[in-house]
Structure formats: structure tokens, C-alpha cells
1. What's the extension gain from Leu122 to Phe159 if we count 0.36 nm per residue and subtract their Cα-Cα distance?
2. Calculate the spin-label point distance for His59 paired with Phe145, positioning each point 7 Å from the Cα along the beta-carbon direction, and give it in nanometres.
Amino acid sequence: MNKQSILRNLPNSLSVFRFFGAFLLYFLYDIININYLVLAFLFLGLTDFLDGYYARKYHCTSKLGDILDKFSDKILLFCGLLIVCSNHIIFLFIIINFIYLFSREYLILNKINIINTKQLFLDKSCFFVLILIISFDLYDKENKFDFYYFYYFVLCVYFVNIIFYFINLKTKKIY
């Protein structure tokens, strides 16, 4: 395999790695030292940035890569939130977050072009902030600090984004 074909397959490989890495972290979180767990979770979150960067840099974007990336992101967040739920209960956040995330993906995957640059930036920012919040929450295994407010903040930002998606869906306008 030459270097060019390796670089063209790197973004999808990173997405697949993130997908399986999320499950691996979930199943091994009781066994792994918390410091390694947090570092591994942050690294998996970083692979989201890296796969997008390499896909754009080497012009190897594809529908499959887009689907893999979005699905792997959601699985990583879901596994992280499930691990956090073992420390305290935030099931409402998980349920609402995933109803939003998967319904939005359903709309996008059904070729309703309602996403724009501002919404994409907001989504990626929320993903990044949520990765950080979950990482800090995982690190705080003794529950010394209450992270509910941070989760609620990200949830509110997601709700604002949901409203804009439905406005764009209804009017087909870009804000």
C-alpha cells in the first residue's frame, strides 16, 4: 500500500477506531486507572478533529466517511455519558441529547440540506465542550464537584440548535 492510499483511508480508519474505542472504554472503565480512562477518552475525542482535518486536507471526503464520523461521535458521547451515569444519574440529559442527535442525523442523511456553517460550528463546539465535561466528570470519581450545570448548559445550546434546524426545515432558509 502506498502512502497516498493510506492517507486517503486515514479519516475513515480514525472514525472506526473511535467507534470501537468508545465501546472498549465503556466495557473496561472499572478496570482501567481513571487517569488512563480520561486520557483515552480525550484522545478518542481528538480523533474527531483529526479525521475531519485529514479528510479535508487530502480531499477524501465521502458519504460513508461522513456517516461513520457522525455515528462514531454519537457512540463516543453515549458511552461517555453511560460511564458518567454510573457515578450519578443524568438520564434525562442522555435521552434528550440522543433524541436530538439521532433525529438531526436522520434529517441530514435523508438529504434535507438544512445545515449551515454556524450550525456545524455550534455542533462541533458542543461536541468538544461535552467531551471536556465528561472527561472532568470521569476524573471526579468521588463526586466532589457537581457537573449538572455544565450538562444543562450544553443541553440548552443543543435545544437552541434544534430550534434553528426546525426553522430551517420549515422555511428552508439559512440564518
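1. Length gained, Leu122 through Phe159: 12.2 nm.
2. Simple spin-label model gives 4.5 nm for this pair.
No value in this document is a laboratory result; all are computed from the given coordinates. These figures come from a predicted structure and were not determined experimentally. All Cβ positions, glycine included, derive from the backbone under ideal geometry; neighbour counts span all protein chains shown.
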